[in-house]
Amino acid sequence: MSAQNAPHASGPPPPRPERVPKWANPLRRTSDRFESWFRGLVTLLLVLGLPAAAISAGLAAYEASMRTVRIQSAERQEVTARVTADVKGDAADGKRQARIRWTAADGTVRTGTTFVESGTSKGAALRVWVDRDGSLTGVPMNELNATTTGWFVGAMAAAGVATAFLVAKSGMRRLLDRRRYAQWDAEWNTVEPQWSARFRR
């Protein structure tokens, strides 16, 4: 192949233009530099703060829930109660309130109301939870409830940190854009009469 038909001219390739560092770009305004610095700062805070907030909040909620689990486990017990009257309806009707009777730890007979399946006959046995005084109470929390609470609170803390990051980033961008637009308007008001005068000659 002749030198005339060569795809590239002979000799060393032309030097590549030097890349201007981003921080030294003469077209970057002070607001651009500040925005870049602020974005880096809040990103660093997000990377470090999101896991820390999620873990600390989740562990705190888990430990608080586990204290409740231990307290309720110590104060509540399950006893057998009897339905004192037939409950109207059938199983398809769901649960209805009914009077029940049980014996407290001190031997006294107690009565109260709770939800039982419709159609339950008088004298049917069911298990209920009572407190130290022998009064009806709810099912105590367990470790699964505490774990679920910890994960939920941790996830909410992470979502809160992420939301704060987005709000801060968006808010700063709006403030800077407002200032940029004001500067552009001021510069245009100065340049526009001189620029448009050329067309009126």
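The values are calculated or read from the model by the stated rules, or taken from the named source; none is laboratory data. Just so it is clear, the structure is predicted and the values come from calculations on it, not from any experiment. Reconstructed Cβ throughout: ideal geometry from the backbone, glycine too, with neighbour counts over all protein chains shown. The area values use the complete protein model at the heavy-atom level, side chains included, leaving out ligands, DNA and RNA. Shrake-Rupley method; radii C 1.70, N 1.55, O 1.52, S 1.80 Å.
List of remarks:
- Among Leu126, Phe152, Val109 - extreme Cα towards positive end, dipole of the stretch 63-201, charges at beta-carbon: Phe152
- Magnitude of the charge dipole for the stretch 45-201, about its Cα centre and with charges confined to Cβ atoms of Lys, Arg (+1) and Asp, Glu (-1), is about 720 debye.
- Selection of trypsin sites (Lys or Arg not before Pro), the stretch 118-161, meeting DSSP coil and at most 14 other Cβ within 10 Å: Lys122, Arg132
- Rolling a 1.4 angstrom probe over the protein heavy atoms with all chains in place gives the stretch 50-108 an accessible area of 63 Å² per residue.
- Estimated vicinal HN-Hα couplings, Hz - the stretch 79-88 in sequence order (Karplus 6.51, -1.76, 1.60; Gly, Pro = x): 10, 8, 10, 10, 6, 8, 7, 4, 9, 5
- With R₀ fixed at 41 Å, the C-beta to C-beta distance from Ala168 to Ser196 puts the FRET efficiency at about 0.50.
- Of the solvent-accessible surface of the stretch 74-201, computed with a 1.4 Å probe and all protein chains present, 54% belongs to carbon and sulfur.
- Among 155-162, 74-81, the order from most to least packed when residues are scored by Cβ within 10 Å on average: 155-162, 74-81
- Of interest is the spacing of the C-alpha centroids, which for the stretch 92-131 and the stretch 158-173 amounts to 52 Å.
- Charged neighbours of Gly150, selected by a Cβ distance under 11 Å, balance to -2 (K, R count +1; D, E count -1).
- Label sites at Ala182 and Ser121, each approximated as a point 7 angstrom past Cα along Cα to Cβ, lie 8.5 nm apart.
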